[in-house]
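See structure below.
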Amino acid sequence: MSQNVTETIQARAPRPASRPNGQWLVDGPTPLNGNEEWKQVDNGIAVRERIERIYSQEGFDSIDGTDLHGRFRWWGLYTQRKPGIDGGKTATLEPHELEDRYFMLRVRIDGGQLTTAQLRVIGNISRDFGRDTADLTDRQNVQFHWIQIEDMPEIWRRLEAVGLETTQACGDVPRVFLGSPVAGIAADELIDPTDAIAEIAHKFLGTDEFANLPRKFKTAITGHPSQDVVHEINDIGLVAVTHPELGVGYDLWVGGALSTTPRLAERLGAFVAPGQVTEVWRGVVSIFRDYGYRRLRGKARLKFLLNEWGTEKFRRVLEDDYLGYALPDGPAAPRPTAQGDHVGVHKQKDGRFYIGVAPFVGRVAGPLLTGLADLLEEHGSFRLRTTPHQKLVLLDISEEHVEPLIAALDELGLAARPSLFRRSTIACTGIEFCKLAIVETKQTATDAILELEKRLAGIDVPQPISLHVNGCPNSCARIQTADIGLKGQLLPDGNGGQTPGFQVHLGGGLASPNRDEAGLGRTVRGLKVTANDLADYVERIVLRFLADHTTNETFAEWSHRADEEALK
């Protein structure tokens, strides 16, 4: 905790409540759990020096336990799951029994902006240190696996030589700043948020001011009318809007998050001018730092504070105590104009084209990434973007290169014109590497996509149908906001044992061209499907929708009105 923050708390905190929630400006800064105690001793920033000076030299066994299971996250490091431990043991074994001596490493990519030189470095790190593993996440990051602590100094050296970092990629801090993948590029963009994201990162990333939050804090900023950064499930969302008197700026949303207690963000009704983005962002995250609940980590997200305060109080505290001025009221953004994944070929404002491509559920590899860097440069492009949908957007393609590049991308395993489910399916890391997972996800989803491509070939589905596959209840793959969301669990196998499977959520979604506003999916009692039967179930439910839906009715609308038996 920085000295300035401590002095503010001591000056303003009233007497603690009889059952404190650990709100610094209500209860004072007394730690209420082990995490809060070690964060006040060392908030995680300094652990990098120990990694480079001690742990990388002396190996895994030299790592302090609190650093290993806590502070390492501030630099993007988690221990990965030990191979061979089945999902039934996830909740019964201690963390040290589940973990391997290898790490997942998350590379932070604010706004998803990459150069081909950076992509090549990422691909080479995957090859040299990560057994060729690499995943595109649904938060515009890249994750490696099989990373050894001994290799971290060299990995950081390579990343930082090309302007990449892992700083605060995980932990109780502001996580990666989601930004429109077509910022500064799209012909229909309302405003370019690139400079605002860069300013926030420059001023606050890696500093003490927000290095000890109650839990993680997620940011999403977009200037594109497709609303392409899933702002409804972020702690703060800034969405481009045109004010009738003040021009183009942002509509302010707060308090979104999913996990086991999903809550969609809410509009504060406030208009944020482009020059106010940084101070408004600072005000919202400061409220979370000062008033967020720190007693129970399960309640330590901004959504729980917003649920208690409501939007009116939240806006008043933001304006009166943190900004010192009132924000003007502003209009809501209209319904999105296009799908926010940007898959396909689209014209840029400069007359060239950008191409959105889909790998299988974000799973890529070192050779694919370096091959893509080479391929783009051969076609005159040196820039690309990651997306919040586990996709890539390739920029600055001249018209004569579009079709040759698409053909070459297909050979590389990246589809610019993917099938319905290859385009709309995302999956979390799953039991292959995640210590929280119960079932496998990436291969299960890939197998289902390939099977559905055969079974549904030639069938006309009027709107996109999203399929999100998650290995546990925590919803990293956003299961509650998918048309078909799958929450991993073990199911009876009929022979006295258990088999991997999923609880099914139906009809969720975020705002889209086919949906005015976000909504959570429906669960049906007893509606579960085994991993082996996943393709059968999806085929069955899609065909029932096509047979039963009314004109212009979306899958989500149909699944919320259909009888339960029709959904099984």
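The values are calculated or read from the model by the stated rules, or taken from the named source; none is laboratory data. All values reported here derive from a predicted model rather than from experimental measurement. In this analysis, Cβ positions are derived from the backbone assuming ideal geometry, glycine residues included, and neighbour counts consider all displayed protein chains. Surface areas here come from the heavy atoms of the whole protein model, side chains and all, with no ligands, DNA or RNA. Shrake-Rupley method; radii C 1.70, N 1.55, O 1.52, S 1.80 Å.
Observations on the model:
- Which listed residue, of 317, 284, 277, 345, is in contact (Cβ under 8 Å) with a residue 60 or more places away in the chain and part of a helix (DSSP H, G or I): 277
- Among (1) without any contact (Cβ under 8 Å) to a residue 24 or more places away in the chain; (2) β-branched (Val, Ile, Thr); (3) open to solvent by less than 40 Å² (accessible area, probe 1.4 Å), the one test that residue 92 misses: (3)
- Boolean, residue 289 is open to solvent by less than 40 Å² (accessible area, probe 1.4 Å), in contact with a Pro (Cβ under 8 Å, 6 or more places away or on another chain), farther than 30 Å from residue 449 by Cα and of a type outside the set (S, T, N, Q): yes
- Search result, residues across the range 383-407 that are in contact with a Lys or Arg (Cβ under 8 Å, 6 or more places away or on another chain), charged (D, E, K, R) and closer than 22 Å to residue 109 by Cβ: 396
- Evaluation of residue 488 against the conditions (1) small (Gly, Ala, Ser); (2) in a strand (DSSP E or B); (3) in contact with a Lys or Arg (Cβ under 9 Å, 6 or more places away or on another chain) shows that the sole unmet condition is (3).
- Scanning the range 290-334 for residues that are more than 30 Å from residue 34 (Cα to Cα), under 24 Å from the mean Cα position of the chain (by Cα) and among the aliphatic types (A, V, I, L, M) returns 332, 333.
- The lone exception for residue 18 - which of (1) modelled with pLDDT under 95; (2) in a helix (DSSP H, G or I) it fails: (2)
- Count of the range 186-196 residues which are touching a residue at least 12 places away in the same chain (Cβ under 8 Å), surrounded by fewer than 24 Cβ atoms within 10 Å (Cβ to Cβ) and not polar (S, T, N, Q): 6
- Checking each residue in the range 88-127 for being farther than 27 Å from residue 488 by Cβ and among the hydroxyl-bearing types (Ser, Thr, Tyr) picks out 115, 116.
- Count of residues meeting criterion [farther than 22 Å from residue 396 by Cα, crowded, with 20+ Cβ neighbours inside 10 Å and of a type in the set (Gly, Ala, Ser)] in the range 331-342: 1
- Selection status of residue 316, at pLDDT 95 or above and either open to solvent by 30 Å² or more (accessible area, probe 1.4 Å) or not charged (D, E, K, R) (or both): yes
Here's the yes/no breakdown for (1) more than 17 Å from residue 449 (Cβ to Cβ); (2) among the aromatic types (Phe, Trp, Tyr); (3) out of contact with any Phe, Trp or Tyr (no Cβ under 9 Å at 6 or more places or on another chain):
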site	(1), (2), (3)
350	yes, no, yes
357	no, no, yes
376	yes, no, no
402	yes, no, no
407	yes, no, yes
411	yes, no, yes
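- Of the residues making up the range 491-517, those that are in a strand (DSSP E or B) and closer than 16 Å to residue 230 by Cα are 509, 512, 515.
- For residue 355, the requirement of being of a type in the set (Val, Ile, Thr), at pLDDT 95 or above and either open to solvent by 30 Å² or more (accessible area, probe 1.4 Å) or not in a helix (DSSP H, G or I) (or both) is met.
- Consider the range 372-385 and keep the residues that are part of a helix (DSSP H, G or I) and either over 24 Å from residue 425 (Cα atoms) or of a type in the set (Phe, Trp, Tyr) (or both). The one that is farthest from the chain's Cα centre (by Cα) is 378.
- Members of the range 431-472 that are modelled with pLDDT under 95 and closer than 23 Å to residue 507 by Cβ: 459, 460, 461, 462, 463, 464
- Of all positions in the range 465-477, at least one carries a residue that is part of a loop (DSSP other than H, G, I, E, B), in contact with a strand residue (DSSP E or B) (Cβ under 7 Å, 6 or more places away or on another chain), open to solvent by 30 Å² or more (accessible area, probe 1.4 Å) and touching a residue at least 12 places away in the same chain (Cβ under 8 Å).
- Single residue of the range 518-534 satisfying the filter (in contact (Cβ under 8 Å) with a residue 60 or more places away in the chain and part of a loop (DSSP other than H, G, I, E, B)) that is surrounded by the most Cβ atoms within 10 Å (Cβ to Cβ): 518
- Of all residues in the range 408-440 being assigned to a helix (DSSP H, G or I) and more than 22 Å from residue 465 (Cβ to Cβ), the one that is most open to solvent (accessible area, probe 1.4 Å): 411
- Within this structure, residue 157 passes the test of being farther than 26 Å from residue 336 by Cβ and open to solvent by 30 Å² or more (accessible area, probe 1.4 Å).
- A residue that is free of Cβ contacts under 8 Å to residues at least 60 places away in the same chain, among the β-branched types (Val, Ile, Thr) and under 21 Å from residue 435 (Cβ atoms) occurs nowhere in the range 107-129.
- Criterion violated by residue 345 - all others in (1) closer than 18 Å to residue 464 by Cα; (2) buried (at least 20 other Cβ atoms within 10 Å of the Cβ) satisfied: (2)
- Taking the criterion of being open to solvent by 30 Å² or more (accessible area, probe 1.4 Å) and not in a helix (DSSP H, G or I), the residues of the range 386-407 that qualify are 389, 398.
- Leading residue by the ranking (nearest to residue 164 (Cα to Cα)) among those in the range 115-134 that are open to solvent by 10 Å² or more (accessible area, probe 1.4 Å) and either charged (D, E, K, R) or part of a strand (DSSP E or B) (or both): 115
- Output for the range 538-565, where each listed residue is assigned to a helix (DSSP H, G or I), in contact with a Phe, Trp or Tyr (Cβ under 9 Å, 6 or more places away or on another chain) and under 26 Å from residue 260 (Cα atoms): 538, 541, 555, 558, 559
- Close pairs from the range 554-568: first polar (S, T, N, Q), partner part of a helix (DSSP H, G or I) and at pLDDT 95 or above, Cβ under 7 Å, at least 6 apart: 559/567
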